[in-house]
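Trainee: Take this structure first; my questions come after.
Readers should treat all values here as calculations from the given coordinates under stated rules, not as data from a laboratory. Just so it is clear, the model here is predicted, and its values are computed rather than measured. Heads up, the Cβs are rebuilt from the backbone with ideal geometry, glycines too, and the neighbour counts pull from every protein chain shown.
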Amino acid sequence: MVALDKPDAKAAVELADRLQGSGCWMKVGMELFYAAGPAIVRELKSKGFRIFLDLKMHDIPNTVRGGARSISRLGVDLFNVHAAGGTAMMEAALEGVRDALEAGDAERAPLVIAVTQLTSTSQQVLNAEIGIAGKLEDAVVHYAKLAQAAGLQGVVASPLEVPAIKSACGSGFLTVTPGIRPRGADVGDQIRITTPREAIDGGTDYLVIGRPITAASSPQDALDYILKEMTES
Ligand SMILES: O=c1ccn([C@@H]2O[C@H](COP(=O)(O)O)[C@@H](O)[C@H]2O)c(=O)[nH]1
């Protein structure tokens, strides 16, 4: 999944066009969606891309239900909420999807997954700033189990936590993992990272990669390099 973190529709579509035929999903996050709105989702869908709408909803259940209803009408393939919003909020997201289907406003149900702990969060920040005690991996697994019990199909986590999530929730529970950095790439604000190859070896289902592709002088070459690294034995 390529994180299309671009400031406007023009820049996003130019980049997506260069990655046509790669088989990649496009991840539309806050920067692009707040600038370009639902139209960018429709445009990318019309070009054949599968879409992860990464808006990380975190609000009261009624608001999330309405948000999920609207997102489902857009025809995205996957969207997310924060597991920290709790069970009632996650269940409300699924109710919103059902509302849209029952009203005939959506053809298919998008997958709904939950953010566990952001990949920019360190063990130290989790304990000392956020105020959650214990091991970060345990907090991630706790959120994953909560999301699964609420009926969600998977979670966003670091690839480092995938083996623990799969062991707690089963291999069919989806893991979508940002925090991917090819060897030698600029780490930026990411803390819990692996290489693409390590993420695959750890059993992740979907890799989310932004700047290592989108900030490269040739995004196509950067993607090819990553795909090669992923498939080499
Ligand atoms: O825990 C999370 C949740 C979401 N993200 C998003 O993934 C991409 C990563 O981009 P890079 O440029 O490869 O760092 C970005 O859109 C984040 O909003 C995340 O990184 N961590």
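Trainee: Out of the residues in segment 201-216 that are more than 9 Å from the ligand (Cβ to nearest atom) and surrounded by 18 or more Cβ atoms within 10 Å (Cβ to Cβ), which is farthest from SER122 (Cα to Cα)? If you could, list the steps in order and put the result at the bottom.
Mentor: As a first pass, look at segment 201-216 and keep what is more than 9 Å from the ligand (Cβ to nearest atom): 201-207, 216.
Among the residues that remain, those that are also surrounded by 18 or more Cβ atoms within 10 Å (Cβ to Cβ) are: 202, 204, 206-207.
Working: GLY202: 20, THR204: 20, TYR206: 22, LEU207: 20 Å.
Top of the filtered list is TYR206.
Residues are listed down the side, and each one gets a yes or a no for (1) buried (at least 19 other Cβ atoms within 10 Å of the Cβ); (2) within 25 Å of LEU111 (Cβ to Cβ); (3) within 15 Å of the chain's Cα centre (by Cα):
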{"residue": "SER167", "(1), (2), (3)": "no, yes, no"}
{"residue": "PHE173", "(1), (2), (3)": "yes, yes, yes"}
{"residue": "SER218", "(1), (2), (3)": "no, no, no"}
{"residue": "ALA222", "(1), (2), (3)": "yes, no, no"}
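Trainee: Kindly evaluate LEU111 against the criterion of being among the aliphatic types (A, V, I, L, M), touching a residue at least 60 places away in the same chain (Cβ under 8 Å) and under 22 Å from ALA164 (Cβ atoms).
Mentor: Working: among the aliphatic types (A, V, I, L, M): yes; touching a residue at least 60 places away in the same chain (Cβ under 8 Å): yes; under 22 Å from ALA164 (Cβ atoms): yes.
Considered against the rule, which asks whether it is among the aliphatic types (A, V, I, L, M), touching a residue at least 60 places away in the same chain (Cβ under 8 Å) and under 22 Å from ALA164 (Cβ atoms), LEU111 comes out as yes.
Trainee: Any idea which residue in segment 181-190 is nearest to LEU118 (Cα to Cα), counting only those that are within 11 Å of the ligand (Cβ to nearest atom) and in contact with a Ser or Thr (Cβ under 7 Å, 6 or more places away or on another chain)? Step through it out loud before you land on a result.
Mentor: Within segment 181-190, the first condition is being within 11 Å of the ligand (Cβ to nearest atom), and the residues that meet it are 181-182, 185-190.
Keeping just the survivors that are in contact with a Ser or Thr (Cβ under 7 Å, 6 or more places away or on another chain) gives 181-182, 189-190.
Working: ARG181: 15, PRO182: 19, ASP189: 11, GLN190: 9 Å.
Only one residue fits best here, namely GLN190.
Trainee: May I ask you to list the residues in segment 171-182 that are touching a helix residue (DSSP H, G or I) at 6+ places or on another chain (Cβ under 8 Å) and in a loop (DSSP other than H, G, I, E, B)?
Mentor: Of segment 171-182, the ones touching a helix residue (DSSP H, G or I) at 6+ places or on another chain (Cβ under 8 Å) are 173, 175, 177, 179-182.
If the condition is that a residue be touching a helix residue (DSSP H, G or I) at 6+ places or on another chain (Cβ under 8 Å) and in a loop (DSSP other than H, G, I, E, B), then PHE173, GLY179, ARG181, PRO182 are the ones that fit.
Trainee: Exactly one of these conditions fails for GLU198: (1) surrounded by fewer than 16 Cβ atoms within 10 Å (Cβ to Cβ); (2) more than 9 Å from the ligand (Cβ to nearest atom); (3) charged (D, E, K, R). Give me its number.
Mentor: (1)
Trainee: I'd like the full set of residues that are crowded, with 19+ Cβ neighbours inside 10 Å, among the polar types (S, T, N, Q) and farther than 12 Å from ILE165 by Cα, limited to segment 119-151.
Mentor: THR119, THR121
Trainee: Hey, ALA147 hits all of (1) over 14 Å from the mean Cα position of the chain (by Cα); (2) away from the ligand (no atom under 13 Å from the Cβ); (3) more than 15 Å from GLY172 (Cα to Cα) but one; which does it fall short on?
Mentor: Exception for ALA147: condition (3).
Trainee: Residues to consider are ARG65, ARG73, ARG69; find the one that is outside any loop (DSSP other than H, G, I, E, B) and within 26 Å of ASP17 (Cβ to Cβ).
Mentor: Details: ARG65 fails: within 26 Å of ASP17 (Cβ to Cβ); ARG69 fails: within 26 Å of ASP17 (Cβ to Cβ).
Only one candidate qualifies: ARG73.
Trainee: Which members of segment 5-33 meet the condition of being in contact with a Lys or Arg (Cβ under 6 Å, 6 or more places away or on another chain) and touching a residue at least 60 places away in the same chain (Cβ under 8 Å)?
Mentor: Here is the first cut: in segment 5-33, the ones in contact with a Lys or Arg (Cβ under 6 Å, 6 or more places away or on another chain) are 12, 25, 32.
Result: TRP25, single match.
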